[in-house]
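First comes the structure, then the notes that go with it.
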Amino acid sequence: MFLYVALLVVQLNNPQQVIDLEMTPTEIAAFKRKVQSKSATIKSIKTDFTQKKKMEFLENDIISNGEMLLSAEGFLKWQYTNPNKYSIIFKSNQIYINDNGTKSTANVNQRLFKKISTLISGSIKGDIFNDAEFSYSFYKRGSNVVVKLITKHKTMVKYIKNIELTFPKEEVLVSEVKLIEPSGDYTLISFKNRKINVHIDKAEFNH
């Protein structure tokens, strides 16, 4: 009874606050089946995104917009268009960077960078639930399902405290990815205008 009253007081004082409710094992199993079934059909993705960077020492958030491309071959491209032109391409164990015309290349044979590339594409598709390098917890948050990942990778944990993937219940495709740093700063990426299994010209991944 005390717990119920306490929760009621919290809700009355914070009417906009949405409480995370832990999912049952049965709910988790059903959700994972739906997401993995959908992910298995995805060969390519083309979507717009908005990225919000929240940093404690800045009064205003840093907002960026752009387009993300994921090809059938597994190539991944983040193309920022506003406020600055900047692109990052993950392709064949390489990272290709184009900073407003200034190009550079980074080898990703190192295990950490391979993991980052896999994490990004897996987060977008929602097919990373069986990665042993993360622990997972599943919650209902309003009309969404939120999956919280905590990395076990000793190097990555220095940069990312945990990751939150948000899935609209009926869509079972990731709508938001939140990367939370140990400091509490975070990056929130929200997807919109998503197109699945459309043709993506290979030239998009040229450097």
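The values are calculated or read from the model by the stated rules, or taken from the named source; none is laboratory data. Keep in mind it's a predicted model, so treat the numbers as computed, not measured. Because the Cβ atoms are built from the backbone with ideal geometry, glycine has one as well, and the counts that use them run over all protein chains shown.
For region 177-201, residues that are farther than 18 Å from T47 by Cβ and surrounded by 17 or more Cβ atoms within 10 Å (Cβ to Cβ) total 2. Answer yes if at least one residue in region 89-109 is at pLDDT 90 or above and either surrounded by 20 or more Cβ atoms within 10 Å (Cβ to Cβ) or under 22 Å from N197 (Cβ atoms) (or both), and no otherwise. Yes, the conditions are met somewhere in region 89-109.
Taken over region 43-69, the criterion of being at pLDDT below 90 and in contact with a Gly (Cβ under 9 Å, 6 or more places away or on another chain) is satisfied by E56 alone.
When restricted to residues that are part of a loop (DSSP other than H, G, I, E, B) and over 14 Å from the mean Cα position of the chain (by Cα), region 169-207 contains 14. Listed conditions (1) β-branched (V, I, T); (2) within 18 Å of Q51 (Cβ to Cβ); (3) assigned to a strand (DSSP E or B) are all met by T105, apart from (2). The residue that is farthest from T24 (Cα to Cα), counting only those in region 153-176 that are surrounded by fewer than 17 Cβ atoms within 10 Å (Cβ to Cβ) and touching a Ser or Thr at 6+ places or on another chain (Cβ under 7 Å), is V157.
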